[in-house]
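Structure first, then comments.
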Amino acid sequence: MNALWGLLRKETYHILRDRRTLTVLIFMPVVQVILFGYSIRTDVENVRLAIVDPAPDATTLAIRARLASTDMFRTIAVVSNAAELDPLFQTDTAQVAVEFQPGFGQRLASGDVAQIMIVSDAMEPNTGSARQAYVTAVIQSYENERQQRRGSVRIVPQVRARFNPTRESANLFVPGLMAMVLTIISALMTALSLTREKETGTMEALLVSPLRPWEIIAGKVLPYLAVGFGSLLLVLVEARFVFLAQPCIEGGGVFPDAVEHALLALDPPQILAAKKPVKQPVRNHLRG
């Protein structure tokens, strides 16, 4: 026990004397909790909303006002054609869209069924479903209030998920895991290489060599960076054939275009699927 106690005292003194290590041990968890606490959040708030209203009337204006009155949605665009939604979603300007059927108010007034389309960016499946649920809740609240005042009113919401129609979680998590795993491996292997140089005593030889410090770092990092790119290709193939992550998802895509073509070449059945149009205009889902 005396020997163990002596070792514990020695390590304690070493930590207290090494101010940089002590600072990292104390403040790094605090910084990480702050960063992850603000970045990894599933709260649905300040959602960027686009409205497709081909024929505005009192009913559509009332629903639009109700959506805008909540703190959850922020209307960024009001368009008259569903085709104008494509650039808004592709540039991440809009996160969810509401499209009214032409003659929406007239159908409700005549007692017919009025349809409304709710389109959301489902690249993050859980968040996209939550956005759709909140929009549906606002519409149902308006429908219930109108039924109490005017009798039978039927608003039929239809939902559509863009970029990830099947809401597969692999399309979200696999690309993120690629970046995280490859970053960790590259940094770890570089650190192990420097540690090996230190342990074998060759680090001093490098320091007294004509090489400049940045050249030593570049010489240690670049080989592992090249290996990392090779590993990236293997991971992409693994993601495609093991996790079945789709290489092309409605004009977005999990993989870059060059990698998409390479993966399609390895998977011939996907070539025929790639030739078929993936996008379907939202207006086709609403009967006029």
Quiz item: Amide H to amide H, which residues 5 or more places from Gln158 or on other chains are under 5 Å from it, using H placed in the peptide plane?
Solution: Ile116, Met117, Ile118
Self-check item: Given charges at beta-carbon only (K, R positive; D, E negative), |dipole| of region 107-249 in Debye
Solution: 700
Exercise. Among Leu25, Val78, Val52, flag the residue with its Cα farthest along the positive direction of the charge dipole of region 1-159, charges on Cβ as +1 for Lys/Arg and -1 for Asp/Glu.
Key: Leu25
Practice problem: Compare the peptides 120-127, 59-66 by average per-residue count of other Cβ atoms within 10 angstrom and give them in order, highest first. | Solution: 120-127, 59-66
Quiz prompt | Model label zone, Thr23; criterion: amide N under 15 Å from point 7 Å along Cα-to-beta-carbon; scope region 187-206 | solution = none
Practice problem: Using a cut-off of 12 Å between beta-carbons, work out the net charge of the residues near Met189 (Lys and Arg +1, Asp and Glu -1, Met189 not included). | Solution: +2
Quiz item: Once amide H atoms are placed 1.01 Å from N in the peptide plane, what residues at a sequence separation of 5 or more from Ala97, or on another chain, have their amide H within under 5 Å of its amide H?
Solution: Ala50, Val119, Ser120
Practice problem: Show the residues, 5+ positions off or on another chain, whose built amide H is closer than 5 Å to the amide H of Val78. | Solution: Ile51
Self-check item: Karplus (6.51, -1.76, 1.60) ³J(HN,Hα), θ = phi - 60°, over region 181-191, in Hz, Gly and Pro reported as x
Solution: 5, 5, 5, 5, 5, 4, 5, 5, 5, 5, 5
Quiz item: So what are the ³J(HN,Hα) numbers for region 132-144, from phi and the Karplus equation (6.51, -1.76, 1.60; θ = phi - 60°), rounded to whole Hz, Gly and Pro as x?
Solution: 4, 5, 5, 5, 4, 5, 5, 5, 5, 5, 5, 4, 5
Quiz prompt | Using θ = phi - 60° and Karplus 6.51 cos²θ - 1.76 cosθ + 1.60, couplings along region 227-241 (whole Hz; Gly, Pro as x) | solution = 5, x, 5, x, 5, 4, 5, 5, 5, 5, 5, 4, 5, 6, 9
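FYI, it's all coordinate maths here, none of it is from the lab. Nothing here was measured: the structure is a model prediction, and the numbers come from that model. Neighbour counts run over all protein chains shown; Cβ positions are idealised from the backbone, glycine included.
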